[in-house]
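Rule-based calculations on the coordinates, nothing more; no lab input. Treat the numbers as computed from the prediction; the structure is a model and nothing was measured.
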Amino acid sequence: MNEALPKAKTPRSLRSGSAVPSHPLDATDAALLRALSQDARLTRAELARRVGLSPPSVGERVRRLEDLGVITGYHAAIDPARIGLPLTLLIRARPASGQMARMIEVIRETPQVVRCDRVSGEDCFVAWAHVRDVAEMEAVIDRIAPFGATNTAIVQSAPVEPRTVGLEEGNVLPAPS
C-alpha cells in the first residue's frame, strides 16, 4: 500500500541529503559562532570586543551567517526538570505496516514530545519527550504504541551537554589577511 506521508520538517543541516552546501568558516566566524552558541544575548559591542572587530563589522558577519542559514535562530535553553518535568525519555518507534502516517501524526500531536528524528536502522523514529512521572511516561507510550513498536529509555544523566561541533580551533579556515 502506498501511503501518503505528512510533510516532515527536515533540519536545515539535512535538507537535500549530502548536497547541503557547506560554508567555509574563517577563525572570526567560528569565534562569533562559539560566543553566540554560549550566550545568544551578547551585544554586538561585546561580540566585537571578543573577536577584535568593530560592531558594524560583527553585525554584517552575523547577518551573513543568518542569510546563509548557518545561524538558524536564537533560543532560550530551558531546564525541563525546573518546570516540573524531571524525566526525559528517548522513545524509539517503528510503525506497523501501513501506520507510518498515523504514527507521525500522533507523535506530532503529543505535547510532551519536544523533538523527533527519522533515523536509519531497525527503528524509524527517535522521539525526545519530557514528563512529570512514570504514569505520564506510560500515557505517552500508550498514545504511540497502537501504531507500531516502541522501546523507551529514561535519560539518567547527560555526560556530554549539547554543544556545537565544527567550531574548534584548527577546524576552520585561516582568517583573511
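General observations
- Using θ = phi - 60° in the Karplus curve 6.51 cos²θ - 1.76 cosθ + 1.60, the 3J(HN,Hα) couplings for the range 119-134 round to 10, 8, x, 5, 8, 9, 9, 10, 10, 9, 9, 10, 9, 6, 7, 5 Hz; x is entered for Gly and Pro.
- Calculated P(r) of the range 26-77 - Cα pairs past 17 Å, %: 24
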